[in-house]
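Written out below as C-alpha coordinates is the structure these notes cover.
The values are calculated or read from the model by the stated rules, or taken from the named source; none is laboratory data. The structure displayed is predicted, hence computed values, not measured ones. Cβ atoms come from the backbone with ideal geometry, glycine included; neighbour counts cover every protein chain shown. The accessibility values were calculated without ligands, DNA or RNA, using every heavy atom of the protein model including side chains. Shrake-Rupley method; radii C 1.70, N 1.55, O 1.52, S 1.80 Å.
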Amino acid sequence: MVYSVEQKSFMIESYFRNGRKINDEWSYSIQDCLEEFRVEFPTVAVDYKQFRECLNYSVKLFRETGSIKRKDGSGRSKKRTPEIVDEVEVIMENQPKTSLRHLSQQVNLSVETCRTILKKDLH
(Lines give C-alpha, C1' and ligand atoms only; values in the text may rest on other atoms or scores of the structure.)
Protein backbone atom coordinates (compact mmCIF):
# COMPACT_ATOMS: atom_id res chain seq x y z
CA MET A 1 0.00 0.00 0.00
CA VAL A 2 1.24 3.44 -0.87
CA TYR A 3 0.14 6.14 1.54
CA SER A 4 -0.68 9.67 0.38
CA VAL A 5 1.10 12.75 1.70
CA GLU A 6 -2.05 13.58 3.68
CA GLN A 7 -2.04 10.13 5.29
CA LYS A 8 1.68 10.28 6.09
CA SER A 9 1.22 13.74 7.63
CA PHE A 10 -1.57 12.39 9.80
CA MET A 11 0.62 9.44 10.86
CA ILE A 12 3.44 11.73 11.96
CA GLU A 13 1.12 14.12 13.81
CA SER A 14 -0.63 11.25 15.58
CA TYR A 15 2.64 9.54 16.45
CA PHE A 16 4.09 12.62 18.12
CA ARG A 17 0.77 13.72 19.65
CA ASN A 18 0.44 10.37 21.45
CA GLY A 19 3.98 10.43 22.79
CA ARG A 20 4.41 10.19 26.55
CA LYS A 21 7.34 11.26 28.67
CA ILE A 22 8.18 8.59 31.23
CA ASN A 23 11.21 9.17 33.51
CA ASP A 24 12.55 11.90 31.20
CA GLU A 25 12.35 9.49 28.25
CA TRP A 26 9.85 9.88 25.38
CA SER A 27 7.82 6.81 24.49
CA TYR A 28 5.71 6.52 21.33
CA SER A 29 3.00 4.01 20.51
CA ILE A 30 2.55 2.74 16.97
CA GLN A 31 -0.66 1.01 18.08
CA ASP A 32 -2.23 4.30 19.29
CA CYS A 33 -1.22 5.93 16.03
CA LEU A 34 -2.72 3.07 14.02
CA GLU A 35 -6.02 3.29 15.92
CA GLU A 36 -6.30 7.03 15.23
CA PHE A 37 -5.40 6.42 11.60
CA ARG A 38 -8.18 3.85 11.22
CA VAL A 39 -10.70 6.31 12.66
CA GLU A 40 -9.53 9.11 10.35
CA PHE A 41 -9.29 6.92 7.24
CA PRO A 42 -11.89 4.16 7.73
CA THR A 43 -11.95 3.10 4.06
CA VAL A 44 -8.20 2.43 3.88
CA ALA A 45 -7.19 -1.21 4.31
CA VAL A 46 -4.19 -1.19 6.63
CA ASP A 47 -1.55 -3.89 6.95
CA TYR A 48 0.20 -3.44 10.31
CA LYS A 49 3.66 -4.34 9.04
CA GLN A 50 3.46 -1.92 6.08
CA PHE A 51 1.98 0.79 8.31
CA ARG A 52 4.79 0.38 10.85
CA GLU A 53 7.49 0.46 8.14
CA CYS A 54 5.99 3.55 6.50
CA LEU A 55 5.62 5.29 9.86
CA ASN A 56 9.18 4.47 10.93
CA TYR A 57 10.57 5.67 7.60
CA SER A 58 8.45 8.85 7.71
CA VAL A 59 9.51 9.63 11.29
CA LYS A 60 13.18 9.10 10.38
CA LEU A 61 12.82 11.28 7.28
CA PHE A 62 10.98 13.97 9.25
CA ARG A 63 13.67 14.06 11.93
CA GLU A 64 16.42 14.31 9.30
CA THR A 65 14.83 16.83 6.94
CA GLY A 66 11.83 18.37 8.69
CA SER A 67 9.64 17.05 5.88
CA ILE A 68 7.87 13.83 4.90
CA LYS A 69 8.53 14.30 1.20
CA ARG A 70 11.24 12.30 -0.51
CA LYS A 71 14.75 13.66 -0.45
CA ASP A 72 15.83 15.50 -3.60
CA GLY A 73 17.51 13.19 -6.02
CA SER A 74 16.18 10.04 -4.38
CA GLY A 75 14.16 9.01 -7.41
CA ARG A 76 15.32 7.41 -10.60
CA SER A 77 17.65 9.48 -12.71
CA LYS A 78 16.18 10.74 -15.94
CA LYS A 79 17.47 9.08 -19.09
CA ARG A 80 15.72 11.35 -21.59
CA THR A 81 18.07 14.28 -21.25
CA PRO A 82 18.16 17.01 -23.94
CA GLU A 83 21.59 15.78 -25.03
CA ILE A 84 20.34 12.22 -25.57
CA VAL A 85 17.25 13.46 -27.41
CA ASP A 86 19.49 15.53 -29.71
CA GLU A 87 21.73 12.52 -30.30
CA VAL A 88 18.75 10.32 -31.20
CA GLU A 89 17.44 13.04 -33.51
CA VAL A 90 20.77 13.23 -35.39
CA ILE A 91 20.94 9.44 -35.76
CA MET A 92 17.38 9.28 -37.07
CA GLU A 93 17.95 12.15 -39.54
CA ASN A 94 21.08 10.48 -40.92
CA GLN A 95 19.69 6.93 -40.87
CA PRO A 96 15.86 7.14 -40.80
CA LYS A 97 15.41 3.36 -41.19
CA THR A 98 17.41 2.54 -38.06
CA SER A 99 15.60 -0.05 -35.94
CA LEU A 100 14.80 0.63 -32.31
CA ARG A 101 17.14 -2.17 -31.31
CA HIS A 102 20.09 -0.67 -33.18
CA LEU A 103 19.22 2.82 -31.97
CA SER A 104 19.15 1.62 -28.37
CA GLN A 105 22.58 0.04 -28.79
CA GLN A 106 24.01 3.24 -30.29
CA VAL A 107 22.81 5.51 -27.49
CA ASN A 108 23.11 2.86 -24.74
CA LEU A 109 19.46 3.07 -23.63
CA SER A 110 16.64 0.56 -23.48
CA VAL A 111 14.44 -0.02 -26.51
CA GLU A 112 11.46 1.36 -24.55
CA THR A 113 13.31 4.57 -23.67
CA CYS A 114 14.21 5.03 -27.33
CA ARG A 115 10.60 4.41 -28.33
CA THR A 116 9.47 7.04 -25.80
CA ILE A 117 11.99 9.57 -27.15
CA LEU A 118 10.76 9.01 -30.68
CA LYS A 119 7.09 9.26 -29.71
CA LYS A 120 7.11 12.02 -27.11
CA ASP A 121 10.18 14.11 -27.88
CA LEU A 122 10.57 13.79 -31.64
CA HIS A 123 6.97 12.95 -32.62
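Worth pointing out:
- Check: the chain dipole with +1 on Lys, Arg Cβ and -1 on Asp, Glu Cβ, in debye: 260 debye
- C-alpha long axis of helix 48-65 to longest principal axis of the chain, angle in °: 80 degrees
- Cα long-axis angle, helix 5-17 against the chain (0 to 90 degrees, to the nearest 10): 30 degrees
- Relative to its residue count, the chain spans a Cα convex hull of 158 Å³ per residue.
- Trypsin sites (Lys or Arg not before Pro) restricted to DSSP loop in region 89-123 with at most 12 other C-beta within 10 Å: Lys97
- Computed per residue of the chain from DSSP H runs no shorter than four, each worth -39500 (n - 2.57), the mean residue ellipticity at 222 nm is -17000 deg cm²/dmol.
- Straight Cα distances below 18 angstrom link Lys49 to the lysines Lys8, Lys60, with same-chain residues fewer than 8 positions distant left out.
- Entry comment: accessible area of the chain is 73 Å² per residue, from protein heavy atoms only and a probe of 1.4 Å.
- Residues of type lysines that Lys79 reaches as a straight line, Cα spacing below 21 Å, ignoring anything fewer than 8 places off in the same chain: Lys71, Lys119, Lys120
- The accessible surface of region 82-121, taken with every protein chain in place and a 1.4 Å probe, is 50 percent carbon and sulfur.
- When all alpha carbon pairs of region 19-64 are counted in 5 Å bins from zero, the resulting P(r) reads 5, 19, 23, 25, 18, 8, 3, 1 %.
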